[in-house]
Amino acid sequence: MRVYPFLFIFSLLIILSSCGSSTSTDDSIASNIPLSTSNTVTDSDGNSYEVGFNQVSDNQQNPVVKKYDASGELVWEVVHDNSPVDVRAVLVTLDTQNRPWVVFTLDGGSSSNSYLTLRTTSENAFSGVYQSNYGQGGGPSVSVITRLNPENGVIERGTFLTARLNNGNTNTYRVRGIGVADGFVRVHGESAFRPPHTGTSFVSHPSANEFGPCGFFLNQLDLNVNLTEVVESDLLTIEEASTLPNTAWNPDCSVRQ
């Protein structure tokens with residue numbers, strides 16, 4: 001039988017293409033990674049972490065993270081920001097090494113030494129990460145993903161997560177759930193405009209066109225644990241989001257507690 005080279009090559013390309021697409025968006029969505037939607041967590045040694053904020057004026061909050069030992073005694077308490085910006089600590093989870101990961105929200109940038117990225121951080125904590133600052137404009141609430149040193153509460157690594165308008169200005173992105181497993185950090189976020197797509201710097205998600213019934217984009221986003229790259233970014237319907245094995249949302253768009 002005569003073999004036609006171009007038919008062989010064409011068939012091979014189809015096979016390779018099929019193999020290459022086996023790690024699909026559906027596979028990522030179905031991954032069984034626990035998510036925290038809580039402001040408290042307890043590690044395997046009985047130590048607990050609590051996150052929140054102090055109301056210091058009508059329009060300013062300062063974030064607070066506390067660690068307690070197994071007997072309930074306070075080990076440390078850190079105020080991670082004392083700038084004029086409204087900053088809150090809202091979520092906490094643990095990785096397999098018992099290190100706390102904290103989600104902060106804030107509504108602007110600042111050059112103050114008391115700002116979140118400078119006040120209680122290790123050297124280069126926000127260097128070489130996916131997004132090192134708030135971005136252009138001010139006012140919308142965005143999220144900051146951080147890993148803390150369990151011994152003293154210092155931020156060892158952190159990145160901002162934002163949406164971005166067509167003019168380049170920052171828009172609201174709120175993380176509603178966070179989990180750390182298998183070499184990456186997963187978040188469930190609500191985006192008021194197009195959320196991030198994959199890559200080492202911000203690119204708007206090309207498929208984000210209509211909000212759906214929740215009034216914002218539901219986004220499942222995976223970062224590598226070094227926080228240098230978004231490796232997966234999926235848009236979810238509320239039907240998809242609420243039926244995941246681990247999810248931040250109820251069927252009515254509210255956040256699970």
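The values are calculated or read from the model by the stated rules, or taken from the named source; none is laboratory data. Here the structure is a predicted model, which is why all the values come from computation and not from measurement. Methodologically, a virtual Cβ is constructed for each residue, glycine included, from the backbone with ideal geometry; neighbour enumeration extends over all protein chains shown. Areas reflect the complete protein model, heavy atoms only, side chains present, ligands, DNA and RNA absent. Shrake-Rupley method; radii C 1.70, N 1.55, O 1.52, S 1.80 Å.
Which value in nm describes the separation of the simple spin-label points at D95 and N133, placed 7 Å from the Cα toward the beta carbon?
It works out to 2.6 nm between the two label points.
Ignoring ligands, DNA and RNA, what accessible area per residue does the chain give at 1.4 Å, in Å²?
Value for the chain: 48 Å² per residue.
Starting from 0.36 nm per residue, how many nanometres of slack lie between V231 and Q60 once their C-alpha separation is accounted for?
Taking V231 through Q60 to full extension adds about 58.2 nm, to one decimal.
Quick one: helix 5-20 against the long Cα principal axis of the chain, what's the angle to the nearest 10°, folded into 0 to 90?
20 degrees
Assuming R0 = 25 Å, what is the FRET efficiency of T198 and N250, from their Cβ-Cβ distance, to the nearest 0.05?
The pair T198/N250 has a calculated efficiency of 0.35.
Name the residue, out of G177, G168, G135, whose mean-square fluctuation peaks in a Gaussian network model built on the chain with Cα pairs under 10 Å.
Of G177, G168, G135, the most mobile in the Gaussian network model is G168.
How much of the accessible area of the range 74-147, in percent, comes from carbon and sulfur atoms when a 1.4 Å probe is used?
Whole-percent figure for carbon plus sulfur exposure: 39.
With all protein chains present, how much of the accessible area of the range 156-220 (probe radius 1.4 Å) comes from carbon and sulfur, to the nearest whole percent?
That share works out to 44 percent.
So, in Å, what gap is there between the alpha-carbon centers of the range 87-151 and the range 217-257?
Using only Cα atoms to place each centre, the spacing works out to 20 Å.
Loop only by DSSP, 15 or fewer other Cβ within 10 Å of the Cβ. Give me the GluC sites (Glu not before Pro) in the range 26-126 that pass, ordered by residue number.
Sites meeting the loop and neighbour criteria: E73, E123.
Enumerate the amide H contacts of N224 below 5 Å, restricted to partners 5 or more residues apart or on another chain; note that Pro and chain-start residues carry no placed amide H.
So N224 has HN proximity to V185, E229, V231.
Using a Debye calculation, one point per C-alpha and no hydration shell, please list log10 I(q)/I(0) for the range 77-124 at q = 0.21, 0.29, 0.31 Å⁻¹ in order.
For the range 77-124 at q = 0.21, 0.29, 0.31 Å⁻¹, log10 I(q)/I(0) is -0.78, -1.15, -1.21.
Tell me which of T105, S122, P140 sits at the most positive position along the dipole axis of the range 83-195, charges placed on C-beta atoms (Lys, Arg +1; Asp, Glu -1).
Checking the options against the dipole of the range 83-195, the answer is P140.
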